[in-house]
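Each remark here refers to the structure printed beneath this line.
Just so you know, all these numbers are worked out from the coordinates, no wet-lab data involved. What you see is a predicted model; the values in this text were computed from it and never measured. Here the Cβ positions follow ideal geometry from the backbone for every residue, glycine too, while neighbour counts run over all protein chains shown.
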Amino acid sequence: MSLAAPTSWSRPDTADLLRRHWPLLPLAATVLALLIPVPAGDATASGKVGPADAASLLLVFVCGIQALRGRVRPLSPLGVLVLGLPAVGLAVSTVTAGDPYAALPGFVRYLQVFVLVPAAIVLLVRDASEFRLAAGCFVVLALVQGAVGVVQFATHTGASYQGEDIRAVGTFGPGDVMGMATVVAYGLVVATAGALAPGLPARVRRASGAAALILVLPLVLSFSRGAWIATFAAAGLVMVLAGIRRALKVLLALAAAGVVLVGGFGVGSAMVAERLTSITQVSDAPDQSVTDRYTMWAAAGSMWRERPAVGVGLKGFPANRDAHSGLALSSGSDTAGAGQGYIRQPLLSPHNMYLLVLSEQGLTGLIALAGGWLALLVAGLRRCLAGPSAVRDCGLIATGLLVWQLTDFLYADIGGPSTVLTGVIIGLAAWWALPSGSGTGEPASGDARGRRGRRRAAGAAPGRGPGAPARVAAPEGAAGR
């Protein structure tokens, strides 16, 4: 008598996987749609609704359908507060704006990124295996965009940097030079966490480590100081959380890769060194980009002091910029290369998310948004330190991505096609940090009613007879290993 389990139990087919995980398809599309190139020569494309934005709206729609059917994860009161409070702050800033109609597009954008997309992810992602599927999409996106960026550097077809078309920007174009750096950094953080996670199979850890090493090169060639700093902070925290011994191995490997690429092969060594040096010299001899940033920071602070409670209103920074800026501010930044001619882009934000929120939404908006992010960070760190080892990789990924985003917000704000990924990251961080409303305290818990329904659909009654195939319940979060 054969003891092998039926094939349908041990190796589910594609149709079965789609039936069980189809609500995640819009989430995967939201991330992977950023592989679609932005049309060259359209410097305003980053302000339009792109394929990733359309996929995120489909994600929210699917979440609404599943919620009506009772097939979403229940939220605790804390989850409702953290995810819903920003909507209140946004509504207040819109109503109190000098021109509420002009503020409406900003309200919709902020609502999409900071409320609807995160909430949809928290409600739809049912267990650790689905979390890993979503995180894996970031690595795929980063590898493809990074490969395009390396080719751009090697063939001098990238964005213009110091008179040469060598800056790696992927498919985002010179109008969004931070796009590729952002998605590559996301993938590097996820891959680093996967390489360090003790609960994952050895082959997955090895593949993740290789991906992290590969992604170092395109991140360096992006020449993005803010992305470098944020990646260093996030990867460093992930290494500390994973353990010093594991961290030293990965750190030595990454350092060796950097030495070989920049020192051995001379990959942009002079320009990388100059860019690194400029990080510590911004107060002594800042270039024009740094001067512009300091000037816009001061303008944002001036706007907040004028209306400290509610700010000047969403989308109000560009209209109020000149009235609060000094003479040191230039008229814009020069962009060229990567299939686009010379275009001078206006400076419409302070390149600091916290100051942008403070200037446009005042203390009301800053407390609602940044307060929620801080709560997610603290709760995520606590659970990462005390949570079950079977889902430790999810904690490392969620915490690392959130730390990257919060650090990058010191040097950048939302804007461009990759903005929708900010909502995905906040959603993944909230999924990990917030307890379930079922009272179990485990965000990775599956829907028991859904499992019973699948057993009934497969013809297996709860009390199986002697001829029924045996099933052993997997431990929490082990389904994706």
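Couple of notes before you dig in:
- Between Glu164 and Tyr294, the modelled label-to-label distance comes to 2.9 nm, taking each label 7 Å out from Cα in the direction of the beta carbon.
- Each Lys or Arg adds one and each Asp or Glu takes one away; over the other residues whose Cβ falls under 13 Å from the Cβ of Tyr354, this sums to -3.
- Once C-alpha pairs closer than 8 Å and six or more residues apart are averaged by separation and normalised to the residue number of segment 26-147, the relative contact order reads 37 percent.
- Both radii come from the Cα set of segment 361-410: Rg as radius of gyration, Rh as Kirkwood radius; their ratio Rg/Rh reads 1.08.
- Charge sum, other residues only, whose C-beta stays under 15 Å from Val95's C-beta, Lys/Arg counted +1 and Asp/Glu -1: 0
- 16 Å reach of a label modelled at Lys249, 7 Å along Cα-to-Cβ, counting backbone N of segment 368-411: 393
- Relative packing of 175-181, 99-105, 227-233, which averages over residues the other C-beta atoms within 10 Å, highest first: 175-181, 227-233, 99-105
- Between Thr155 and Arg69, the simple spin-label model (points 7 angstrom out along Cα→Cβ) gives 4.4 nm.
- Taking Lys and Arg as +1 and Asp and Glu as -1, the other residues whose beta-carbon sits under 15 Å from that of Val150 total 0.
- A Förster radius of 51 Å combined with the Cβ-Cβ distance from Arg203 to Ala102 puts the calculated FRET efficiency at roughly 0.45.
- Using distinct alpha-carbon pairs, which all enter the 1/r mean, Kirkwood radius of segment 48-153 in Å: 16.2 Å
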